Amino acid sequence: MARIPLIEDRTDDLTEEQLETYDWVVQSRGKMIRPYEVMLHTPTIARHAAELGAQIRFGSTLSDHDRELVIITAAVVHGCAFEWDSHAPLARAAGVRPELIEHLENGGSIDLTETESLLIGFVRELCAESTVSSALFAAAREYLGQRGVVELCTTVGYYTMLGYVMGACGAC
């Protein structure tokens, strides 16, 4: 149960700034979604976060496969069921192997490809340590290039932020 009221609907008791942000989120996502139902209590932050999220989701140079694998890994690391439920189907559609999705959700052993191992390891290490080893960073930069590794870090950071906000507010 959420610790603060979720702003799920467009109502007359919202401020003008909340209404504008609500409308922008719905226009960009097709509907109001959980992270912004929480963050809409601070509409300026909600708007900027939604804009960053749109860039990460729709303007990144990361492949759909890699981005969705990173997102669902972050969702598992942070125990954010909302992000898992939202992105596991997108990961499947982007070509993430069903057995890998099952592995991330339930554990067990699986043979990872080099790319899967790199991306999952990067997310896990960054979330646990707030940094990554020089070797892991170099491997990610080799695979993704400089821009891509920055987008990888930003994607992890963005979904970590969403997980923290929703988790602390009881909305995950």
Query raised in the report: at pLDDT 95 or above, of a type outside the set (Asp, Glu) and more than 15 Å from the chain's Cα centre (by Cα), is that true of LEU19?
Result: yes
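Out of the residues in the stretch 85-122 that are assigned to a loop (DSSP other than H, G, I, E, B) and among the hydrophobic types (A, V, I, L, M, F, W, C), state the one that is farthest from the chain's Cα centre (by Cα).
Across the stretch 85-122, the extreme among qualifying residues is ILE110.
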Requested in this report: Test each condition in (1) assigned to a helix (DSSP H, G or I); (2) under 30 Å from GLN18 (Cα atoms); (3) of a type in the set (D, E, K, R) for LYS31 and report the one that comes out false.
Outcome: (1)
Query raised in the report: Residues VAL76, VAL38: which one is part of a helix (DSSP H, G or I), modelled with pLDDT of 95 or more and in contact with a Cys (Cβ under 9 Å, 6 or more places away or on another chain)?
Result: VAL38
Requested in this report: Could you check THR131 against (1) touching a Leu at 6+ places or on another chain (Cβ under 9 Å); (2) without any contact (Cβ under 8 Å) to a residue 60 or more places away in the chain and say which number it fails?
Outcome: (1)
Query raised in the report: Which residues, taken from the stretch 97-131, are within 20 Å of TYR164 (Cα to Cα) and of a type in the set (Val, Ile, Thr)?
Result: ILE120, VAL123, THR131
Report task. Within the stretch 137-156, identify whether any single residue is without any contact (Cβ under 8 Å) to a residue 12 or more places away in the chain and crowded, with 18+ Cβ neighbours inside 10 Å, and answer yes or no. Result -> no
Query raised in the report: Right, VAL149: over 15 Å from the mean Cα position of the chain (by Cα), at pLDDT 95 or above and either assigned by TED's automatic domain parsing to the domain that holds GLN27 or not in a helix (DSSP H, G or I) (or both) or not?
Result: no
Requested in this report: Kindly check whether there is at least one residue in the stretch 57-69 that is in contact with a Cys (Cβ under 8 Å, 6 or more places away or on another chain), crowded, with 22+ Cβ neighbours inside 10 Å and aliphatic (A, V, I, L, M).
Outcome: no
Report summary line: Apart from one, (1) part of a loop (DSSP other than H, G, I, E, B); (2) in contact with a Pro (Cβ under 8 Å, 6 or more places away or on another chain) all hold for LEU14; the odd one out is (2)
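Out of ALA128, ALA74, ALA171, ALA81, I need the residue that is of a type outside the set (Ser, Thr, Tyr), surrounded by fewer than 18 Cβ atoms within 10 Å (Cβ to Cβ) and under 15 Å from the mean Cα position of the chain (by Cα). Which one?
The unique qualifying residue is ALA81.
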Requested in this report: Would you be able to say whether some residue in the stretch 46-53 is more than 19 Å from the chain's Cα centre (by Cα) and without any contact (Cβ under 8 Å) to a residue 40 or more places away in the chain?
Outcome: no
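The values are calculated or read from the model by the stated rules, or taken from the named source; none is laboratory data. Remember, it's a predicted structure, so these values are computed and weren't measured experimentally. No Cβ is skipped: glycine too gets one built from the backbone with ideal geometry, and neighbour counts run over all protein chains shown.
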